[in-house]
Amino acid sequence: MHHLTIVAEDRTGLLVELSALLGNNGINIADIQAKVHGADAIIQLDVDRHEDTLRVLAEEEFHVVADDSVLVRIADQPGALANLAKRLADEKIDIRAIRVVQRHANFSVISVNCDKNDAARDVLRDVLLR
């Protein structure tokens, strides 16, 4: 099984849409966990066909992040991303990849992959989603 995380705008029927999409494409969900953070749903899945799942979700414009990423919520304002990067740099944590997963009027969900993800989670615990 392969683990992945989906970030989507929370809405009624989201899990119906997601599970039907995967089921209609012959993809088995072995495990699912979902929670809501503000306006976003964070859905963690274990699936049997990882590459097919990524393709199907991308075609439907779902935002998928790697399991080893640090997922945070920051203010959507000038300098917020620089502040996030500085907090990590001050602790000698190197950012390997960073991506804006979702944007809203007042905040953004950011996926960060670092050389020390556990340490990054500790440093960013006040904005941590996963």
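Of note:
- The 3J(HN,Hα) values that the Karplus relation (6.51, -1.76, 1.60; θ = phi - 60°) gives for the stretch 89-104 are, in residue order, 4, 4, 9, 6, 9, 8, 7, 9, 7, 8, 8, 7, 8, 9, 10, 10 Hz. Gly and Pro appear as x.
- Positive minus negative residues near Val123 (Lys, Arg vs Asp, Glu; Cβ under 11 Å): +1
- Between Asp10 and Asp40, Ala41, the built amide H atoms are under 5 Å apart, and every one of these is 5 or more places off in sequence or on another chain.
- Using the Karplus relation 6.51 cos²θ - 1.76 cosθ + 1.60 with θ = phi - 60°, the per-residue 3J(HN,Hα) values for the stretch 50-58 come to 4, 4, 5, 4, 4, 5, 4, 5, 5 Hz, with x marking Gly and Pro.
- Computed [θ] at 222 nm, helices only, for the chain once each DSSP H run of length n ≥ 4 contributes -39500 (n - 2.57): -8500 deg cm²/dmol
- Asp48/Ala85 FRET efficiency (R0 30 Å; Cβ-Cβ; nearest 0.05): 0.25
- Relative to its residue count, the stretch 2-65 spans a Cα convex hull of 72 Å³ per residue.
- Amide H contacts of Leu129 (H built 1.01 Å from N, under 5 Å, at least 5 apart or other chain): Leu71, Val72, Arg73
- Dipole orientation for the chain: of the candidates Leu14, Ile110, His3, Ile110 has the Cα lying most toward the positive pole (charges on Cβ; Lys, Arg +1; Asp, Glu -1).
- Projected area averaged over orientations for the stretch 70-123, convex hull of C-alpha atoms, nm²: 3.2
- Fewest-first sequence of His63, His2 by Cβ atoms within 10 Å of each Cβ: His2, His63
- Calculated FRET efficiency for the pair Ala58/Ala30, C-beta based, R₀ 30 Å, to 0.05: 0.90
- Förster radius 25 Å - calculated FRET efficiency between Asp94 and His37 (Cβ-Cβ, nearest 0.05): 0.45
- The structure-derived value of Rg/Rh (Cα atoms, Kirkwood Rh) appears in the list (1) 1.13; (2) 1.29; (3) 0.99 under the label (3).
Read-outs throughout are calculated quantities, based only on the coordinates presented, and are distinct from any laboratory measurement. Since the structure is predicted, the reported quantities are computational estimates derived from the model, not experimental observations. All Cβ positions, even for glycine, are placed from backbone atoms using ideal geometry, and neighbour counts span all protein chains on display.
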